[in-house]
Amino acid sequence: MKKLSLLFLISLVLSCSEEKVSVDTIVYNANIYTVDPDFSKAEAFAIKDGKFLAIGSSKEIHSKYSATDTLDAKGKTVLPGLIDAHAHFLTLGQLQKQVDLVGVTSFEDMIKRVLDFQQKHQMAFIKGRGWDQNDWEDKNMPDKTILDKLFPNTPVALTRIDGHASFCNQAALDLGNVTVDSSIEGGEVEVKNGKLTGVLLDNAEQLVMDHWPDFEKDQLIEALLTAQRICFENGLTTISDAGPDIFTSPWIDSIHLIDSLQQTGDLKIRLYMMVPGTATNLDHFLNKGITKTDRLNVRSFKFYADGALGSRGALLREPYTDMHSAHGLPVMSLSHIKKSAERIANSEFQMNTHAIGDSANHSVLQTYTKLLKDQPDRRWRIEHAQVVSPEDFELFHDILPSIQPTHATSDMYWAEERLGNERIKGAYAFKQLLNAYGKVALGTDFPVEQVSPFLTFYAAVARQDLENYPENGFQKKNGLTREETLKGMTIWAAYSNFEEDEKGSIEPGKFADFIVIDEDIMTVDIKKIPQIKVEKTFVGGLEQ
């Protein structure tokens, strides 16, 4: 007995004298949702060299590790860094130098904002974005007559909220010599009573924007850094950039600039880039191959099968219920999409295609399915998947849906008027898409919608606007649970980018990207979710 007791004391002394492992940071006393495979919770974690080293209780972590930098979370909720699976990062930054037209309640209100902006800035070229005629009492597209009188010599181009239509004055139209006879594949120059209205739909925007002054390098840098600040403030640590406006500077140059800013440490946010699927970009990037660093991942091409529902550019199998002469527009030809898909299928690149209408979704699903039948785990994506025919949901078994929940709550006031009471049943059908594939990647589509991911969370779960309309939720059966929604904004979004092994959850070996928020998003009253505030944002273990 004495010998056993002595051995026990020796082992106890030795265990107590073991030195703790030195780490960079310890976060403790937290309410942590790890979003690991078991969706487990924890109280603390240790960070070393920018990655999570260990996760456990506060007692466990403190007993094994020591750090000069510690954070007492004081019971606050900690989540993996949020990933926006579909947004327009560079565009967000560029918009900070344009007229903000989000929320204008009438044509007159829009014109007043332009006048106020010009009085303050005195721009040689005026650009703005954010109007939505569906929010006005007069829901017709605007006419340029007043804009021509107010700005006879200054080009003005005001882009609709979805980016799929622009409203231009004559000075802007003259830049591209746009006339009533102008035409372009995949776009429409609106003419009424034999006169230009100033409205350009989808590819027709290029007729003007190809002649619009490019952003200078210093302006692009400022835009990127501004967008980064806004994203960090909202708890976003990775952005899947769904491509620039079609009329920005060449995307090859933009990616080089992004890479250089990340190398110097100025741009710390992680970016997954969708390269616009033009012939030039396909030739360049397929030859170059995938670019992958800790902060930059270039392995996707972005295509457009149609326009947007709000401007009646979404491609439908039957005419619009509220305009029987319209079916929508194929922004890129189906032949271009098919030929490009064949090239991409023979590479390691991903293909992500914007498809809103049921006709667009059907065509893309058919194309994907045919090419990928012998290629598992390609994770080709349909961006938006907004209106889907009943028989097409099963085709999402191998095609990843990338969806934006706030589109449902933004469009719900008028969507049934566009689609009718039968087609609307297959619109914004998030739960059906989840059931078909097993995962959904969730994004905001900013700046089409607001940047806040908490609005995304609220729209996915509550299916209501901020005034709690409609009372029982918009097609509530297609809402997501809180757990499904958080996964869609973290681990499933990471999966959609082939990055689930390095981010999307708080697990050993993954990047220490995480946020601290002021409410428990998983238990707080659903009505409080849109007001949740981000208190701290960390990328690679460093506070931003």
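Look at the dipole of segment 90-209 built from charges on Cβ: of LEU200, ILE126, THR91, the Cα furthest out on the positive end belongs to ILE126. Mean residue ellipticity, 222 nm, helices only, the chain: the sum of -39500 (n - 2.57) across DSSP H runs of n ≥ 4, divided by residue count and rounded to 500, is -9500 deg cm²/dmol. Computed with the Debye formula from one identical point scatterer per Cα of segment 439-544, without solvent, the log10 of I(q)/I(0) at q = 0.10, 0.12, 0.20, 0.23 Å⁻¹ comes to -0.31, -0.44, -1.17, -1.42. The Cβ shell under 11 Å around PHE117 holds other residues with a net charge of +3, Lys and Arg each +1, Asp and Glu each -1. Ordering 299-307, 449-457 by mean Cβ neighbour count within 10 Å, with the highest value first, yields 299-307, 449-457. A simple spin-label model places the labels of ASP72 and GLU535 1.2 nm from each other, with each point 7 Å out along Cα-to-Cβ. The stretch between ASP100 and GLU137, if pulled fully straight at 0.36 nm per residue, gains 11.3 nm over its current Cα-Cα span. When Rg and Dmax are taken over the Cα atoms of segment 398-499, they come to 13.1, 40 Å.
Extending 7 Å from the Cα toward the beta-carbon at both LYS59 and GLU519 defines two label points whose distance is 3.3 nm.
Counting only DSSP beta bridges with both residues in segment 90-209, the antiparallel share comes to about 60 percent. Principal axis extents of the Cα atoms in segment 90-209, from largest to smallest and rounded to whole angstrom, are 36, 32, 31. When you filter the GluC sites (Glu not before Pro) in segment 54-155 for DSSP loop state and at most 14 other Cβ atoms inside 10 Å of their Cβ, you are left with GLU137. What does the charge dipole of segment 447-544 about its Cα centre add up to, to the nearest 20 debye, if the Cβ of each Lys and Arg holds +1 and the Cβ of each Asp and Glu holds -1? Result for segment 447-544 is approximately 300 debye, rounded to the nearest 20.
For segment 126-136, the Karplus equation 6.51 cos²θ - 1.76 cosθ + 1.60, evaluated at θ = phi - 60°, returns couplings of 9, 10, x, 7, x, 6, 8, 4, 5, 8, 9 Hz by residue, with Gly and Pro reported as x. Only one of the listed values, [x] 0.99; [y] 1.05; [z] 1.14, was derived from the coordinates as Cα Rg over 2.2 N^0.38 Å; which label is it? Entry [y].
Per-residue packing, averaged as other Cβ atoms within 10 Å, sorts the ranges 62-68, 484-490, 74-80 into the order 484-490, 74-80, 62-68, beginning with the highest. For the peptides 211-219, 495-503, the ranking by packing is 495-503, 211-219, with the highest mean count of neighbouring Cβ atoms within 10 Å listed first. FRET efficiency for LYS41 and ARG229, Cβ-Cβ distance as r, R0 = 25 Å, nearest 0.05? After rounding to 0.05, the efficiency reads 0.20. When DSSP beta bridges are restricted to pairs lying wholly in the chain, around 45% turn out antiparallel. Cross-linked pairs LYS112/LYS195; LYS439/LYS503; LYS112/LYS192; LYS97/LYS528; LYS97/LYS217; LYS41/LYS292: Cα-Cα separations exceed 20 Å for LYS112/LYS195; LYS112/LYS192; LYS97/LYS528; LYS41/LYS292. Under 15 Å of direct C-alpha separation, and excluding same-chain neighbours fewer than eight residues apart, LYS64 reaches these aspartates and glutamates: GLU18, GLU19, ASP24, GLU43.
In terms of overall dimensions, the C-alpha atoms belonging to segment 360-420 reach 42, 20, 15 Å along their principal axes, ordered largest to smallest.
By the rule of a C-alpha distance below 20 Å, with chain neighbours fewer than 8 residues away ignored, the lysines paired with LYS425 are LYS476, LYS477. Taking every C-alpha pair closer than 8 Å and separated by at least 6 residues, the mean separation divided by the residue count of the chain gives a relative contact order of 17 percent.
Between LYS373 and THR145, the FRET efficiency from the beta-carbon distance, with R0 = 60 Å, is close to 0.65.
Normalising by residue count, segment 193-263 has a Cα convex hull of 130 Å³ per residue. Remark: the chain carries a charge dipole of roughly 1180 debye about the Cα centre, counting +1 on each Lys and Arg Cβ and -1 on each Asp and Glu Cβ.
Between LEU329, ALA355, THR367, the Cα set farthest toward the positive side of the dipole of segment 321-386 (charges on each charged residue's Cβ, about the Cα centre) is that of THR367. For the Cα trace of segment 340-393, dividing Rg by the Kirkwood Rh returns an Rg/Rh value of 0.96.
Bear in mind that the values in this text are calculations on the coordinates, not laboratory data. Since the model is a prediction, treat every value here as computed from it, not as a measurement. A quick note on method: Cβ atoms are made from the backbone with ideal geometry, for glycine too, and the neighbour counts reach across all protein chains shown.
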